[in-house]
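The structure under discussion appears below in the form of structure tokens.
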Amino acid sequence: MEKVLELISKEVGDAFEAAGYDRELGKVTISNRPDLCEYQCNGAMAGAKKYGKAPFIIADEVAEKLAGNEMFEKVESVKPGFLNIVVSGDFARSYIVRMLHEKHLGVTLPGHEPTIIIDYGGPNVAKSLHVGHLRSAVIGESIKRILKYTGNKVIGDAHLGDWGLQMGLVITELKERQPDLCYFDPDFTGAYPKEAPFTVKELGDIYPTASAKSKEDEDFKARAMEATKLLQDGYKPYRALWHHIMNVSLADLKQNYKNLNVDFDLWKGESDADPVIPGMVEYMKSHGYAHESQGALVVDVAEETDTKEIPPCMILKSDGASLYNTTDLATIKQRMDENHPQGIVYVVDKRQELYFTQVFRCARKTKLVMPETELHFVGFGTMNGKDGKPFKTRAGGVMPLGDLISEIDEKMYARIKEGNPDMPEDEAKDTAHKIALSALKYGDLSNQPSKDYIFDIDKFTSFEGDTGPYILYTIVRIKSILRKYEAEGGNVKEAKLGNPDSPAMKDLMLGLTRFADAVESAARDFAPNRICGYIYDLSNAFNSFYHGTKILSETDEYKKSSYIALLATTLKVLETGIDLLGFTSPEYM
Ligand code: ARG
């Protein structure tokens, strides 16, 4: 559906043309002086030189052509040559009515459905999810939803870290703790037990211990590397252990993601790309893309125009082991073969940017992707504590994600119980969790992904200001009015939107007309923060309208119906907005 700015620009362009000027001069923008007008056009200023006329003369002529046009309430030519534009209430109303009849509220959808793979989450199996993984999950989930809504076939893949050194570390540490397990007996010939020899809790302790040891103990690290290589080469006992680690860890991960309202289409991992590696390596060698360097196999990816050094992409280490690179490249190959995506988007910590530059260049150079395949890196910044340093627990350790969510859940639960002592227990818990998620996710998403941000739980959970709970509070307020309207015998579906009868109502209506712009711009730039900004502005516009308008007590039935229709539309837009961000609203709060 054509955007409001396009419609107005077309009309103003026509007027420029009718007055004898280039129609391109009619480009209209949102006013930067909302106190004076809603939209503005500076075309007369731009055209003055070309036509050798004073800008205000051109502006006067154009304004004259637009006089009486039903799209506008007022088009004013002001010195030195601006056109100040106020659209008509009827234009705003009819635009919204049309928008409600369109698919996806007027978002422009592509003629076909491009396939986009989004690689996000990236949890490492055997390590519990911690806040470091929060951003990838939260931002990735939102981008996935936004890309789906704007007409793509999106496949979200968790790309589990299930193949690297951490697996060898876990196996090696397990061997130290339980050397008598059959997996460590080279003579064992029986069937391996179905039960894992550890719980998820133990697993959570095994990895950090092993990781710490490997940093101090060279020998331990060497053994872990050997175990990794054995696993990758298909050594049966370690494969059996690996399956246990996967099962135990995945069940826990899935639970954690579910709790976050994050949902992957694929739960593939680095290990899934392993079978592709030998063929890919052969191909890279035989086509002369890869060469040996100090025993390792590498692909040069430096380019002449580089201003900083981009090191070669290492495909195999000197001992023949594959690396993080190798699995990422093999995964690209696999995705191209299986899903034929038009694009792959990676939502990963921005500290991996150089790494992805190497991987993308290598994939292009070796023709694993088509020239037109888009590869995007959406790098995100660090979540810091109030001290400006990476977020930690009070004791200074890494905060498990589950603990963080429970903490916010409890805070919100106390608040809900205080305000609604009679709310049934289940509902109070559910409501608290919904608000907690809104606080956590909005607190993150309202920042540009690439920026670091400060995790400030008191600020994020506030019901006022630019926060998730404020948006939910606004939604709940609307729901409550609509519920009362129906309880008094009204039918929300039959309510009919009329023309605005106050500046606040007009403002809210113009806000609604901007929905598709916000979503399309968020999709184009992988920027969920644009949706946050949009729904925050819309919530403010709604609350101003609400505070200045009698709604349920309005006695003019025509007006009342119009207000109700406006509320229902605002609700729909806000609910769609939060769904795109990955959270939902409660009924009461
Ligand atoms: N598991 C990785 C980590 O924790 C992130 C994976 C990102 N995705 C990828 N395709 N490399 O750092």
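Excluding ligands, DNA and RNA, the accessible surface per residue across the chain is 46 Å² with a 1.4 Å probe. Over the range 246-289, the Kirkwood radius and the radius of gyration, each from Cα atoms, give a ratio Rg/Rh of 1.27. Over the chain, Cα pairs under 8 Å with separation of 6+ residues give a relative contact order of 14 percent. Measuring nothing but protein heavy atoms, the accessible surface of the range 1-152 at 1.4 Å probe radius is 52 percent carbon and sulfur. Look at the dipole of the range 133-258 built from charges on Cβ: of I171, A212, I155, the Cα furthest out on the positive end belongs to I155. Express in whole angstrom the spacing between the alpha-carbon centres of the range 307-385 and the range 78-155. Cα centres, the range 307-385 to the range 78-155: 25 Å. Listed as lacking a disulfide-compatible partner in the chain: C37, C41, C182, C532, by the criterion of no other cysteine Cβ under 4.7 Å. Cα convex hull, the range 17-118: 172 Å³ per residue, rounded to a whole number.
Name the shape class, rounded, prolate or oblate, that the alpha-carbon gyration tensor gives for the range 383-447, where a ≥ b ≥ c are the square roots of its eigenvalues, rounded holds for a/c under 1.5, and otherwise prolate holds if a/b is larger than b/c and oblate otherwise. The shape class here is prolate. Of the trypsin sites (Lys or Arg not before Pro) found in the range 480-573, those in coil by DSSP whose Cβ has at most 12 other Cβ atoms within 10 Å are K496, K550.
Give, as a single signed number, the net charge of other residues whose beta carbon lies under 14 Å from the beta carbon of A428, with Lys and Arg counted +1 and Asp and Glu -1.
Result for the local shell: -4.
Here the chain is scanned for GluC sites (Glu not before Pro) in DSSP loops (not H, G, I, E, B) that have at most 12 other Cβ atoms within 10 Å, and the longest stretch holding none of them is 71-194. Residues V97, V348 ordered from highest to lowest accessible area at a 1.4 Å probe: V97, V348.
The HN-Hα couplings worked out from phi for the range 214-225 by the Karplus form 6.51 cos²θ - 1.76 cosθ + 1.60 (θ = phi - 60°) are 5, 7, 9, 10, 4, 5, 4, 4, 4, 5, 5, 5 Hz, whole numbers, x standing for Gly and Pro. Using all pairs of distinct alpha-carbon atoms, the Kirkwood hydrodynamic radius of the range 423-536 works out to 16.5 angstrom. Averaging Cα coordinates gives a centre for the range 569-589 and one for the range 1-33; these two points are 34 Å apart. Accessible surface ranking for Y558, Y39, Y324, 1.4 angstrom probe, highest first: Y558, Y324, Y39.
Per-residue ellipticity at 222 nm computed for the chain from its helices equals -17000 deg cm²/dmol, with DSSP H segments shorter than 4 residues left out and the rest contributing -39,500 (n - 2.57). Dividing the mean sequence gap of close Cα pairs (under 8 Å, 6+ apart) by how many residues the range 275-419 holds gives a relative contact order of 17 percent.
Per-residue 3J(HN,Hα) values for the range 384-398, derived from phi via the Karplus relation 6.51 cos²θ - 1.76 cosθ + 1.60 with θ = phi - 60°, read 9, x, 5, 7, x, 9, x, 4, 10, 6, 4, 7, x, x, 7 Hz in sequence order (x marks Gly and Pro). Measuring nothing but alpha carbons in the chain and taking Rh as the Kirkwood radius, the Rg to Rh ratio lands at 1.06. Shown here: the range 461-589, whose C-alpha atoms stretch 45, 30, 24 Å along the first, second and third principal axes, sorted largest to smallest.
Taking one equal scatterer on every alpha-carbon of the range 200-296, how large is log10 of I(q)/I(0) by Debye at q = 0.16, 0.23 1/Å? Results for the range 200-296 at q = 0.16, 0.23 Å⁻¹ read -0.99, -1.25. Each Lys and Arg contributes +1 and each Asp and Glu -1, all at the Cβ; summed about the Cα centre of the range 301-416, the dipole is approximately 280 debye.
The values are calculated or read from the model by the stated rules, or taken from the named source; none is laboratory data. This one's a predicted model, so the numbers in the text were calculated from it and none came from an experiment. Glycine also receives a Cβ, built like all others from the backbone with ideal geometry; neighbour counts cover every protein chain displayed. Only protein heavy atoms, including side chains, enter the accessible area calculation; ligands, DNA and RNA are left aside. Shrake-Rupley method; radii C 1.70, N 1.55, O 1.52, S 1.80 Å.
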